[in-house]
Every structure is written in C-alpha cells, then in structure tokens.
Amino acid sequence: MLAGPGSGKTRVITRRIACRIAAGVPAWQILALTFTNKAAREMKARVDALVPADAAGRRGLVVSTFHAFSAGILRRYGSQSLAAGIGTHHLAPEFSIFDMDDAHAVIKTAIGRANLETAQWQVGSVATEISSAKNRLLCAAEYAQNALDFRQRTIAKIYAIYEQELVRQNAVDFDDLLMRTARLLRDDPTVLAELQGRFTEVLVDEYQDTNHAQFTVAHSIAREHRNICVVGDPDQSIYAWRGADISNILEFEEHYPGATIVPLGENFRSTAQIVAVADRLIRKNTARRHKDLFTGLGDGAPPKIAMLSDEMAEANYVAEEFQRANRAGIQWKEMAVLYRMNALSRTLEDALRRRNIPHVIARGTAFYERREVRDTLSYLRAIVNPLDENALRRIINVPARGIGATSIGKLAAVAVAQGTSLLHAMMMARQAGIAERTVKSIDGLVTVLARYRSELDVKPAENLGPFVARLITEAGLERAAAAIADDEQDALDRKANVQEVANAAGAFLMPESEPNGRAPTLGDALRSYLQSVALVADSDVVDPERGVVTLMSLHASKGLEFHTVAIVGIEEGLLPHARSMDSPKSIEEERRLLFVGITRSQRNLLLTCAATRATRGLRMRTIESGFLRELSGENVQRLDLSEQSEYGDDDDQQVGGSRRGRTGFPAGTIVRHAQFGVGTVEEVLPRGSLTSVRVRFRTAGVRTLVLEYAKLEVIT
C-alpha cells in the first residue's frame, strides 16, 4: 500500500489485522512490525478496540517494533543457535542492551586497546562505521575480510575488540539486535522454519524506512507463504543516514512478483493548500512512486514563507504567530516547531520563554539520561546480567562506599588478565590486594545483587514494581541521588526521578504471551522493562495531552501531526544540510525531510529562514533554501521581513570602537579581525538594515562578514 501523508496507514494495518482474525486466522500467527514504541502501542490499542482481548482466537497477537521483536527472538533462540552469536560464543538470554552511551564507552576502550588515539579515531565516527557494517550483516571478521584501505583495516581492529567486549559482557547494541536476528534467520533453517510456521501473516508499517537487516528479518519469515502486507511511502523515506534503503519499497514487486499495489492518496489530515504545496515540492524528486495527493478538508489558509533578518527575529516571529493562534483558540499542545538541526532550538526556547509560552523539547532519552536514573537502571541491569561490566562500573560506588578509582582499576585489570567478568573479580577482591575495608564494601554490593537476582525466576511478573521500589530503598539510591544535588530543590527532584523508575516499572505491561504459554516471571518482566527503556525514541515521549508547544527535529516528527506547525532554518547548508550538497541522492532525501515536516501540519503552516545567522561565533549571511523557491507559487504567501532587525538600526551599532555606517569601510580599507588577522576590504554589500563586507585576509583567504558584528579594527 503506497500511503501518502495523513492517509490512514495505521487504520489500514489495524483493520486488516481485525479482518484476518475475523476470517479465522489465529492472532498468534499474525506479526505486525513498526518502528517506534508509540506506533506499536497505538496499533495495539486500535486492534483491541476492534477485536476485544477476550475474543476467540485473539490471544498472542504480536505488534512490535523491529528492535523489540528481534530482542525477543534472540532471548528465545540465542542460547540455542550459534547463528545468533559471534564466533563460538552463544548469546545468553539475560543479555544487556547497550544504548549509545554504553556502546561509545566500550568503543572508546577498544580504541585504546588497539593502541590508537581518540583524537585521530573519533568514537562517533568509528561507531557510525561499525553500525554501517552491522546493517550489512557483517561481523568483525567479515568486515576485516572486506577492508579495502588503511582506515577500514584500522576500524576492523577496533570492531574486533569492541565485539569481544560485547561478548565478554553478554551485551548487544541496537544494531546487534537486528543483525543477529537477520543472521539467525539466514543461517539457521530450523529456527527459520519454526518462525515461518508460527507467523503466517506479516505486516510491516513504514516500510520505506527498513534497512537491509530489517528487510531480511521480514522477508525471511514471509518469503515462503508470501503473505505479506507492507504500508509505506517512498516520499517519506528520511533515514538513509541510519541505513534505511528506499529500494526495499521501490522494488517490492521484484521481491514479490504479482503483488497488488494499492495507492492511498487522500489526506485526512491537512487542508488543500498544504497538500498542494507538499505535492509541488515532492514532484521534484525522481526516486519515487507517483500517487495523486488530494483532500476533502477544504482549501484552508495558505502556507506562509517568511524571511527574517536573523535567528532571533525568526524565533520571535514564530512565537508571536503562536501567540496569535492561541488567542484565536488553538491550544498550545496543538502547535510544534520543527528544525533540521537540534542546535536551532536555543533561540526558539528563549523566545517562547520570554513570552511565557509553555514548551518542551521532545527528546525521548532525556529522562533516562539523568545521572540518578541511569544509576538506578544500572542496578537493575547488573541484577539481570551479572556480566554487564558497564553497569557494575557505574554502581560500584553508588552510594559512596569508599571504593575508589584505584581499587576499580585493580579489579578491571584482574578481570582482563584472567579473561573473566568484573563481577568475578569483585568476588576475588581480597586476592587482588585491595584493602580489607574496601573488600567488605565490595562484598556487601555483591551480596545485595545476588539476593535480588535469586528472586527473578521464582516470583511472578506482577512483583516488578515492588521489587524495584524495595531495591531503591535497600541500596540507598534516593540518598545517593540527593548527595549529587546542587540544592534542596534539586535533591527533591532527583529523588523523585528515582522513584519514577519504580512507578514506571509498576505500570509496565508485558507483551501478550502465546496461547498455553508459561506465565511470565519477575525476570521476564524486568528484562522486558529494561528493553523498553533502552529502545525509547524521541517521538515516544510526545504527549498530545500536555498543554505545551513541542520543539523537535524533523526526523523525530515523523508520524505526528499538529494543528499549527512552524519549520525554521530553511536555508542552504541547514535544509538541505551541508553534507548533502554534493549528492543528488542526498538532496532528494533532504527534500523528503521537508515534505515530511510540511505534512505534519493540519491547518496552519509557517516556513521561515533568516538573512543572517550566527555560525561558530560569527554572524554570516545565509542563502535561502532552494526548496523554498520550489514551493513558491500559488497556495503560498511570501513575506520579506528581513528589514526588521532584532538588533536595532545599524546607525547605532558600535563597530571597531567607533560609529560606522554602511560607508565606514570602503573598498581598499585595511582592517584587522580577531580571528582572521589582517585583510583588505574588497566590497561593501548592503542589504536591509545589515551590511556585509567582503574582506581578503592575508592568511585566511576571502571572507564575507556582517559589518555590524565583525568588530573590525581599521588599520589604514
């Protein structure tokens, strides 16, 4: 199903699930896959409304994200099949899921063990290359075999050490979940046959966002019975940077000859002028499947394109437009500001704060990145997976128990030297030459973890909330949270955050079990809860009931909708991003990204750019995005407000210690700049209330600077 924006993709999938159950297909044989927890919850709720949970044949339906489904498969089969492991190592079911911070910490360690410097081999860059390899289903050994140059051969060494560390800690990263599951289905015919027999109906939401590993998972299960229904839109494929392959949807018929293609072009979200503008933009792309976009919601207000003088004027303009909409009866929760780069949020936050407009930045991991929350979750991880060294290192001295960095270093050295776990080294602390007082503290922590671990297989899943609350009290985690606070209020907030972990655990609902399956244990519940936390996404935390304006990236806005939407920073180098400028394929993805942003709007759409913007401490002129020119025409109201500077009249600006207007630096003037040194003014470039000068510097080359902010000193 080629489903345009606002065409009811979720409704289509959930109705199909309900129809198949009504036709006699047992729900436990249906697999529906999507990308975010929020989408999975919504799909599940809609199915529940159509087919009550107690209806015949209803039990066991799997509606899941790709990552959560893969984690479940690995916990079930990982210890049985080497195809899911690495080399000769199986994957034990209590494995930890490392988030990006955990993974980066281990990669940093791996870089050091490879005798390399992180200054030359940056952790983020190495992590991206390893992620790309895993999306191609390459383990470290296979990546090394395909390495073509010095850089790849060096990354292969780091990847191998990183992989060894994950094995040693019985951990996987996000990419491992998909890669190992895909390899398991590819290489183990017994497991594949079992899953093909279990899931006779496969549905995939947002199919245009699948990468090679996700394609392999879905295709492996469906390729024999060919009973697969995918919903997606090539025009909304915006995740190539994390491996999404648009060809999966464009070439669907090649994988499934004779497939029925159903176009869904009616937009039930946006008014006609918004739909027309979005359609005009996306028609510029070539890698797409055309479908006529239309709506029955009436013309509505024309989208506005506004050019402002600078980023502060832009932010103030958006805030004022939102205030105007609010006075007209639109609630704050129905408004959103979208941007290509997160750095653009600062001035927007300032403008909203000055006007007392309630707002929130949608970052799904924000709560779980707080120190006291990560400490609490690390205790739970260490209980579930005794090999999780990252978690143990974090909690070994939380609360403070006199275990210093020197002692931790000795324990880590013992673990590496003996090829054992950090926990095992902690049990041998006395033999490692650690002081008796410190040994007693270490023994106390080991005892607490072991006692809680002993409950996991004998208590039912319903005990999860009380279990976590009891651990928080006994381990002194509220006290530890207060100890790192800046003041009394901060201490109260941090303690409340720790308790919120217990509340969230108590409210956590386990996935549906198979018919006649065993009752889930406390260990099952704790593993599932930690898994849900590890896989949280930005869009998962957007609460439509909160009375606040939402600020978020264009990527995170996928799947959401708001009455009033502002998209800011639509300039060359921002949108499209500078990294995409030399690649027509990347430019098309940037255009799709703007298309996604535009189609989040139901009624009011505001698109803005700034004539100048501060970049790395310098105020620079910008160039309006070519996408805005593609949007121009009927259905669009253009506003040039660039004459209205937030900095005041340029005649009142102090430049280089004296009042200088537009002619204060004529061509030929020798000037000095604090960063670029000495240069000669070649040309004065007046525009509106701001003036730029082009200066040829002796060592920095030609630079165009906004005169009012460059602080040039006249030499002669």
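Worth a mention:
- Candidates are the residues of the stretch 134-163 that are acidic (D, E) and either part of a helix (DSSP H, G or I) or modelled with pLDDT of 95 or more (or both); the one that is surrounded by the most Cβ atoms within 10 Å (Cβ to Cβ) is E163.
- Helices (runs of 4 or more DSSP H) (entirely within the stretch 386-496) containing at least 3 residues that are at pLDDT below 90: 405-418, 422-427, 436-453
- Hits in the stretch 686-703 (condition: open to solvent by less than 50 Å² (accessible area, probe 1.4 Å) and either at pLDDT below 75 or small (G, A, S) (or both)): G688, S689, L690, T691, S692, A700, G701
- The stretch 78-118, residues that are touching a residue at least 40 places away in the same chain (Cβ under 8 Å), in a helix (DSSP H, G or I) and either among the charged types (D, E, K, R) or open to solvent by 30 Å² or more (accessible area, probe 1.4 Å) (or both): M100, D101, D102, A105, T109, R113
- For the stretch 110-139, a residue qualifies if it is polar (S, T, N, Q) and either within 21 Å of V172 (Cβ to Cβ) or under 23 Å from the mean Cα position of the chain (by Cα) (or both), and the qualifying residues are Q122, S125, T128, S131, S132, N135.
- Within the stretch 330-373, restricting attention to residues that are β-branched (V, I, T) and assigned to a helix (DSSP H, G or I), the residue that is nearest to L594 (Cα to Cα) is T347.
- Count of the stretch 27-48 residues which are surrounded by 18 or more Cβ atoms within 10 Å (Cβ to Cβ) and out of contact with any strand residue (DSSP E or B) (no Cβ under 9 Å at 6 or more places or on another chain): 2
- Boolean, F665 is out of contact with any Ser or Thr (no Cβ under 8 Å at 6 or more places or on another chain), aromatic (F, W, Y), open to solvent by less than 30 Å² (accessible area, probe 1.4 Å) and at pLDDT 90 or above: no
- In the stretch 292-320, the residues that are under 23 Å from S625 (Cα atoms) and β-branched (V, I, T) form Cβ pairs under 6 Å with partners that are in a strand (DSSP E or B) and open to solvent by 20 Å² or more (accessible area, probe 1.4 Å), at six or more places apart or across chains, as follows: I305/R638.
- Selection over the stretch 302-318 of residues that are within 15 Å of H359 (Cα to Cα) and surrounded by 23 or more Cβ atoms within 10 Å (Cβ to Cβ) gives a count of 2.
- Some residue of the stretch 539-552 being of a type outside the set (K, R), in a loop (DSSP other than H, G, I, E, B) and modelled with pLDDT of 75 or more: yes
Residues are listed down the side, and each one gets a yes or a no for (1) open to solvent by less than 50 Å² (accessible area, probe 1.4 Å); (2) closer than 19 Å to D524 by Cβ:
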{"position": "V446", "(1), (2)": "yes, no"}
{"position": "E455", "(1), (2)": "yes, yes"}
{"position": "V458", "(1), (2)": "no, yes"}
{"position": "R470", "(1), (2)": "no, yes"}
{"position": "E474", "(1), (2)": "no, no"}
{"position": "A481", "(1), (2)": "yes, no"}
{"position": "A485", "(1), (2)": "yes, no"}
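- Taking the stretch 581-625 as the region of interest, the strands (runs of 3 or more DSSP E) fully inside it that hold 2 or more residues being under 30 Å from G300 (Cα atoms), open to solvent by 40 Å² or more (accessible area, probe 1.4 Å) and modelled with pLDDT of 85 or more are 601-610.
- Considering residues of the stretch 319-343 that are surrounded by fewer than 23 Cβ atoms within 10 Å (Cβ to Cβ) and touching a Pro at 6+ places or on another chain (Cβ under 9 Å) only, the residue nearest to N635 (Cα to Cα): E334
- Selection count where residues are open to solvent by 80 Å² or more (accessible area, probe 1.4 Å) and charged (D, E, K, R), scope the stretch 487-499: 2
- Taking the listed residues T14, T10, the one that is open to solvent by less than 40 Å² (accessible area, probe 1.4 Å) and within 26 Å of G197 (Cβ to Cβ) is T14, with no other qualifying.
- Entry remark, the stretch 1-34: residues being in a loop (DSSP other than H, G, I, E, B), modelled with pLDDT of 90 or more and within 30 Å of the chain's Cα centre (by Cα) number 5 in total.
- Answer residue from the stretch 345-378, given it is among the basic types (K, R) and under 27 Å from A480 (Cβ atoms) and is modelled with the highest pLDDT among those: R374
- Residue match in the stretch 361-370 (condition: of a type in the set (S, T, N, Q), touching a residue at least 24 places away in the same chain (Cβ under 8 Å) and open to solvent by less than 40 Å² (accessible area, probe 1.4 Å)): no
- Summed over the stretch 271-296, residues that are over 19 Å from L606 (Cα atoms) and not hydroxyl-bearing (S, T, Y) total 12.
- Restricting attention to the stretch 626-642, the residues being touching a strand residue (DSSP E or B) at 6+ places or on another chain (Cβ under 8 Å), within 30 Å of L293 (Cα to Cα) and at pLDDT 85 or above number 7.
The values are calculated or read from the model by the stated rules, or taken from the named source; none is laboratory data. Just so it is clear, the model here is predicted, and its values are computed rather than measured. Heads up, the Cβs are rebuilt from the backbone with ideal geometry, glycines too, and the neighbour counts pull from every protein chain shown. For the accessible areas, the whole protein counts, side chains as well, though only heavy atoms, and no ligand, DNA or RNA atoms are used. Shrake-Rupley method; radii C 1.70, N 1.55, O 1.52, S 1.80 Å.
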